[in-house]
Amino acid sequence: VLHTSRPLHTTQQCLAPLPPLPEKGGEVRYGLIPEEFFQFLYPKTGVTGPYMLGTGLLLYFLSKEIYVINHETVAAACILSVIIYGVKKYGSDVAAFADKLNEEKVAKALAVKNEAIKDLETAIEQEKKEQWRVEGRSYLFDAKRNNIAMLLETNYRERLLTVYSEVKKRLDYQVAMQNLKHQKEQDHMIHWVEKNVVQSITPQQQKESVAKCILDLKALSKSAQAAV
């Protein structure tokens, strides 16, 4: 069994704004009969038409005894007189009091409405601010990515510097070792040559060398004296 539901209003919904309700009622005569009733009958019956229609209906009801005058009619007339007197006497005060209550209710409703509008405007501003923050989030992420890239680059450069320093130290150590080795070899060679030279000189050669040195000194002394 298929249950189908039909909407109550099948016509297209009208989205036009509704006219505001009138604050005051239309004009009436005798406190009960609308003014539009008289305006409707004036073109057809003239000015006295509505009054004649009302009088004719009243006489028709009385002659046909549709409405019979009795003690209830007198009571109704008295009650109606009291009501009319009360309306004439206190109607303006009651209307003013009712208007005051209505104005207070309208003021409270407007206060609630304004407060709601203010809250909604604040919420809209917060939403716009959040949207602005979301739009700026991409720039923040880009800045963070750049910072991370700079940190990685700095770390890479520091590691390169560390490797360069360590390699330079090792190379300097190797150069120092080679220089020390060459210096020791040179010193050893000089010492070995001197030792061999000294060992190769005989006592006779030493005596001859000493004698030759003495002769050279004597010659130098004679040349110096001669110069003086």
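Summary table
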{"quantity": "Within the stretch 80-98, tally of residues that are hydrophobic (A, V, I, L, M, F, W, C), over 22 Å from Leu57 (Cβ atoms) and open to solvent by 70 Å² or more (accessible area, probe 1.4 Å)", "calculated": "5"}
{"quantity": "Selection count, the stretch 69-79, where residues are open to solvent by 100 Å² or more (accessible area, probe 1.4 Å) and of a type outside the set (A, V, I, L, M)", "calculated": "2"}
{"quantity": "Residue match in the stretch 103-124 (condition: surrounded by 10 or more Cβ atoms within 10 Å (Cβ to Cβ) and more than 38 Å from the chain's Cα centre (by Cα))", "calculated": "yes"}
{"quantity": "Pair list, Cβ < 9 Å and 6+ apart or interchain, from the stretch 193-209 residues that are free of Cβ contacts under 8 Å to residues at least 12 places away in the same chain to residues that are not in a helix (DSSP H, G or I)", "calculated": "Ser209/Ile201"}
{"quantity": "Which listed residue, of Leu32, Leu41, Leu59, Leu53, is of a type in the set (A, V, I, L, M, F, W, C) and either touching a Phe, Trp or Tyr at 6+ places or on another chain (Cβ under 8 Å) or exposed (fewer than 10 other Cβ atoms within 10 Å of the Cβ) (or both)", "calculated": "Leu32"}
{"quantity": "Only listed residue being among the aromatic types (Phe, Trp, Tyr), under 60 Å from the mean Cα position of the chain (by Cα) and in a helix (DSSP H, G or I), chosen from Tyr60, Tyr139", "calculated": "Tyr139"}
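The values are calculated or read from the model by the stated rules, or taken from the named source; none is laboratory data. All values derive from a computational prediction rather than experimental measurement. Heads up, the Cβs are rebuilt from the backbone with ideal geometry, glycines too, and the neighbour counts pull from every protein chain shown. In case anyone asks, the SASA skips ligands and DNA or RNA and just uses the protein heavy atoms, side chains included. Shrake-Rupley method; radii C 1.70, N 1.55, O 1.52, S 1.80 Å.
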